[in-house]
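Worksheet for the structure shown next.
Read the figures in this text as sums done on the coordinates, not as results from a lab. This is a predicted model, so every value here is computed, not measured. As a convention, Cβ positions derive from the backbone with ideal geometry for all residues, glycine included, and neighbour counts pool all protein chains shown.
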Amino acid sequence: MSTDLRYDALIVDHDDTSVMSTPCIHYPAHLEALKQLRPGREPIDLAGWFLKNQDPGLMGYLVGELGFSREELAMNHAIWRSYTTSRVPVFFPGFIETMVDFRKHGGCIIVISHSEEVIIARDYRAAAMTGPSFFPDAIYGWTDEPELRKPSPRPLLSAMGHFRLDPERVLVLDDLKPGVDMAAAAGVDCAAAGWGHDIPEIRDAMRSICMSYFTRIDDFSEYLLKITRDRPLH
């Protein structure tokens, strides 16, 4: 495939890149999990939760630092899912519109996220009830198999193979390091979504390892939709 834009495909993260979900869903779920599984332990604050997801990553924190057993991980997952299935986050203003415009130019949009596929699909369908109708071309969500989720390049390589994408024409958009690591391992560009949180340590790290860092969706949209070839819209 080939578009008139600088990229043919956008590989986009979900939580805190597309939707604002950590403050109202994932962090409260973590607090509840700690209350049940590690009573008496002082929880990290919201910024600290973002930092742990940045490095060492979610499972590195739950297993390596909190010492969750296999049984406790299952309980943590159940608590987390009780929050994700009962609360629907909203998309950042302008995000869906940017996806719609990118598709008008022939772009392919694929979600690769640590949220479950069914939850991501629900969020897009919910957004379509009050705004522009849009649904990704494919969704790769959470799996218990580490090699099939970020930071492993496997989901990205699978998507690129399925849609026959040229690595040089693919852009990953993510707010945290696992997505950047995935992109680097697959040999594709990565841009940072900096509109969901502004934590200095994360901001500085992402600026140092990403090709671009965007604090506003409008600026990212302008970059993504820049015409590079004189071709009509599809």
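Per residue, the chain reaches -12000 deg cm²/dmol at 222 nm when only DSSP H runs of four or more residues are counted, each adding -39500 (n - 2.57). Indicate the gyration tensor shape class of segment 134-234 (rounded, prolate or oblate), computed on the Cα atoms with a ≥ b ≥ c the square roots of the eigenvalues: a/c under 1.5 is rounded; otherwise a/b larger than b/c is prolate and the rest oblate. Oblate shape, in that a/c is at least 1.5 and b/c is the bigger or equal ratio. The distance from the alpha carbon centre of segment 80-119 to that of segment 170-221 is 17 Å, rounded to a whole number.
A simple spin-label model places pseudo-atoms 7 Å from Cα toward Cβ; at MET59 and SER86 they are separated by 2.7 nm. Considering only SER152, SER208, SER221, the mean-square fluctuation computed in a Gaussian network model of the chain, springs between alpha carbons under 10 angstrom, is largest for SER208. The residues packed around ASP181, meaning those with a beta-carbon under 15 Å from its beta-carbon, carry a net charge of -2 if Lys and Arg are +1 and Asp and Glu are -1. Charged side chains reduced to their Cβ positions (Lys and Arg at +1, Asp and Glu at -1) give the chain a dipole of some 340 debye around its Cα centre.
Each of ARG122, ARG41 was scored by other Cβ atoms within 10 Å of its Cβ. Arranged with the fewest first, they read ARG41, ARG122.
If you plug the beta carbon distance of ARG122 and ILE209 into 1/(1 + (r/R0)^6) with R0 = 30 Å, you get a FRET efficiency near 0.45. Rounded, prolate or oblate, given the Cα gyration tensor of segment 22-84, with a/c below 1.5 counting as rounded? Rounded, because the longest to shortest axis ratio a/c is under 1.5. Ordered by the number of other Cβ atoms lying within 10 Å of each residue's own Cβ, fewest first, ILE96, ILE25 fall into the sequence ILE96, ILE25.
Summarising the amide proton neighbourhood of ASP16: residues at separation of 5 or more, or on other chains, whose placed amide H is nearer than 5 Å comprise SER21, THR22.
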